[in-house]
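The values are calculated or read from the model by the stated rules, or taken from the named source; none is laboratory data. Here the structure is a predicted model, which means the values were calculated and not measured. All Cβ positions, glycine included, derive from the backbone under ideal geometry; neighbour counts span all protein chains shown. What goes into the accessible areas is simple: the full protein's heavy atoms, side chains included, and nothing from ligands, DNA or RNA. Shrake-Rupley method; radii C 1.70, N 1.55, O 1.52, S 1.80 Å.
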Amino acid sequence: MAGKSPVVASEEQQAALRTLAVSRDRGEADRARAVLLTLSGWTSPRIAEAFGVREDTVRLWRSDFARGGVEALKTSPAPGPAPVKAEAALRVARPLLEAPVADRHNWTLARLIGEIEAREGVTISKSRLSKVLRKKSSAGADRDTP
């Protein structure tokens, strides 16, 4: 189905789209830019080629915008239960691992798991604890590195 997209946006929505188009979240930014390009007359195939996505994806983004406005283009957290075990593990592990090296024990995953279970009453596997600690450190941990 070729032709001009029926998507329209008010000046206020266009300003919000331009703001979202420079978001640090690439998905949000791409969706906003795709809608802005649609408003300037670009076709689905052309936008899809520019962003390296399928035409159906571009149409989905337009549809989301038409139904929910700019908010529908923003990234939302994945549904699911709160990460209770991960939060408990970090509450225990963070202060233990942030202590000065000279003053702290050698904390292995097994020792940390035992401490987490003793203090918080939750069990967590070695692999899950490893992922939680890795994710926390790679997400810009609140520590200074030389």
**Study point:** In the range 73-141, the trypsin sites (Lys or Arg not before Pro) that fall in loop regions by DSSP, at most 12 other Cβ within 10 Å
**Key:** Arg104
Study note, to complete from the structure: Summed over the other residues with a beta carbon less than 11 angstrom from that of Ile47, with K and R at +1 and D and E at -1, the charge totals +3
Study note, to complete from the structure: Result for the range 72-141: accessible area per residue, probe 1.4 angstrom, in square angstrom, of 68
Check your understanding: Setting aside same-chain residues fewer than 8 positions from Lys85, which aspartates and glutamates have a Cα under 12 Å from its Cα?
Key -> Glu117, Glu120
Review point. How far, in degrees from 0 to 90, does helix 55-68 lean away from the longest principal axis of the Cα atoms of the chain, to the nearest 10?
Key: 90
**Study point:** Share of carbon and sulfur in the accessible heavy-atom surface of the range 22-146 [1.4 Å probe, %]
**Key:** 52
Study note, to complete from the structure: Within the under-12-Å Cβ sphere about Val22, not counting Val22, Lys/Arg +1 and Asp/Glu -1 give a net charge of +1
Check your understanding: Heavy-atom accessible area of Ile113 with all protein chains present, probe 1.4 Å, nearest 10 Å²?
Key -> 30
Check your understanding: Of [x] 15.9; [y] 15.3; [z] 18.9, which one was derived for Kirkwood radius over Cα pairs in Å from the structure shown?
Key -> [z]
Review point. For the Cα atoms of the chain, what angle does the longest principal axis make with the long axis of helix 11-20, in degrees from 0 to 90, nearest 10?
Key: 40
**Study point:** Selection from Gly114, Ala21, Leu37 lying farthest towards where the dipole of the chain points positive, charges on Cβ
**Key:** Gly114
